[in-house]
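Shown next, in structure tokens, is the structure this report addresses.
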Amino acid sequence: MQAVILAGGEGQRVRPLTHSQPKVMIPVANRPILDYVIESVEKCGINDIIVVAGYRKEQVIRYLNSLDTGVSVVVQKKQLGVFDALRCAKDLIKGDFLLIPGDNYIDSESLSRLKAERNAMLTAEHPYPSNYGVVSVSGGMVKGISEKPALAESMTVSTGCFSLTPDIFNYPATCMIPDIITDMAKNGRPIRAVPANRWHDAIYAWDLLKMNRMALEMVKPSISGNVSKSASITGHVSIGSGTVISPYAIVSGDVVIGDIPADAPTVDQWQQAYSQAMAAAGAAQSVVENLEGRVNSMIADAE
């Protein structure tokens, strides 16, 4: 089986974070969201991966080239929707495949259960279903999808993850995925609803806070850097190699401080004395000094 990961969208509703990077490259616990998706796909046993890039594609391609994995990349020249993005990968698809958004946090167990079904979609319960495609389910089977209704009839939503066959390309290019799934369900091609285990989407910038917490829950606390005896390290903290935590610095809560490259500037004083990094904060390739890292803050790739 193959996996098609959609990584071409800008993510307009998380602006200004996407003014300079595609949504899939936003760092969560010091890793691009896309990195978690690829990791989950590989953990569920799929190594034939196709990534569809589009908005600021150079960043996605550069990142994929840095990975020790064989990922094929196709480019969606214009962002014309999910089905158009999928059709960009049509020539590389050999058989059944998973279709997965590259800007969601999804666990490998959920993808494994989705992979076990032919023609299925991953669903989840969400407190704000009207932001998504609301799924009508009966007896474990999908009856239809209502895209972003003003008044949702259930809390069950589409995660955008599907197990599909190449037959989907028989539909006209102008079709939308929710309409295709609804048509299939109503015309004798059953679509099974597979409940997700751990899934989160960041529609708005503040949604990244929960995604960051979910990612940090999976990070094993570790300290590889040089930490002063007078520094305070408390909570779920991971400190990468090359990092120096200076005297009286405070690092607390859910915090990931990434590995510092050998050629990074001021490595010897990366985390300055009396600085604070607090709950759910992350930093990468950054120089932080004499400032307070507010709760759920992210500092990444600073010059």
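The values are calculated or read from the model by the stated rules, or taken from the named source; none is laboratory data. All values reported here derive from a predicted model rather than from experimental measurement. Note: ideal-geometry Cβ built from the backbone for every residue, glycine included; neighbour counts use all protein chains shown.
Leu17 meets the conditions (1) assigned to a helix (DSSP H, G or I); (2) over 22 Å from Tyr171 (Cα atoms) in every case but one. The failed one is (1). Give the residue, chosen from Arg56, Arg31, that is among the charged types (D, E, K, R), touching a residue at least 24 places away in the same chain (Cβ under 8 Å) and on the phi > 0 side of the Ramachandran plot. Step by step, each of Arg56, Arg31 is checked, and only Arg56 is among the charged types (D, E, K, R), touching a residue at least 24 places away in the same chain (Cβ under 8 Å) and on the phi > 0 side of the Ramachandran plot.
Could you tell me whether the stretch 31-42 includes any residue that is under 16 Å from Gln76 (Cα atoms) and among the acidic types (Asp, Glu)?
First, the residues of the stretch 31-42 that are under 16 Å from Gln76 (Cα atoms): none.
No.
For Gly95, state whether it is touching a residue at least 24 places away in the same chain (Cβ under 8 Å) and assigned to a strand (DSSP E or B).
For Gly95, the condition - touching a residue at least 24 places away in the same chain (Cβ under 8 Å) and assigned to a strand (DSSP E or B) - is not met.
Before we move on, is Cys161 under 17 Å from Val4 (Cβ atoms) and under 17 Å from the mean Cα position of the chain (by Cα)? Spelling it out, Cys161 is indeed under 17 Å from Val4 (Cβ atoms) and under 17 Å from the mean Cα position of the chain (by Cα). Look at (1) hydroxyl-bearing (Ser, Thr, Tyr); (2) more than 19 Å from Leu111 (Cβ to Cβ); (3) touching a strand residue (DSSP E or B) at 6+ places or on another chain (Cβ under 7 Å) and you find that Ser72 fails only one, number (2). The residue of the stretch 154-177 that is farthest from Lys94 (Cα to Cα), among those that are buried (at least 20 other Cβ atoms within 10 Å of the Cβ) and in contact (Cβ under 8 Å) with a residue 40 or more places away in the chain, is Thr159.
So that you can scan it fast, the table gives a plain yes or no per residue for (1) at pLDDT 90 or above; (2) in contact with a strand residue (DSSP E or B) (Cβ under 9 Å, 6 or more places away or on another chain); (3) closer than 25 Å to Leu216 by Cα; (4) among the charged types (D, E, K, R):
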site	(1), (2), (3), (4)
Glu10	no, no, yes, yes
Pro16	no, no, yes, no
Ser20	no, no, yes, no
Asn30	no, yes, yes, no
Leu34	yes, yes, yes, no
Val52	yes, yes, no, no
Asp96	yes, yes, no, yes
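Say whether the condition of being within 16 Å of Ala3 (Cβ to Cβ), modelled with pLDDT under 90 and not in a strand (DSSP E or B) is met by at least one residue in the stretch 70-86.
The answer is yes, given that some residue of the stretch 70-86 is within 16 Å of Ala3 (Cβ to Cβ), modelled with pLDDT under 90 and not in a strand (DSSP E or B).
Does the stretch 31-41 contain at least one residue that is buried (at least 16 other Cβ atoms within 10 Å of the Cβ) and farther than 22 Å from Asn212 by Cβ? No, because not a single residue in the stretch 31-41 is buried (at least 16 other Cβ atoms within 10 Å of the Cβ) and farther than 22 Å from Asn212 by Cβ. A single entry from Val251, Val244 fulfils the requirement of being modelled with pLDDT of 80 or more and in contact with a strand residue (DSSP E or B) (Cβ under 8 Å, 6 or more places away or on another chain): Val244.
Restricting attention to the stretch 57-98 and to residues that are among the small types (Gly, Ala, Ser) and surrounded by fewer than 16 Cβ atoms within 10 Å (Cβ to Cβ), the residue that is nearest to Arg31 (Cα to Cα) turns out to be Ser66. Of all residue pairs spaced 6 or more apart or on separate chains, those with beta-carbon atoms under 8 Å, a first member in the stretch 9-25 that is in contact (Cβ under 8 Å) with a residue 40 or more places away in the chain and a second member that is of a type in the set (Val, Ile, Thr) and in a loop (DSSP other than H, G, I, E, B) are Glu10/Thr18; Gly11/Thr18; Gly11/Ile26; Arg13/Ile203; Val14/Ile26; Val14/Ile203; Leu17/Ile26.
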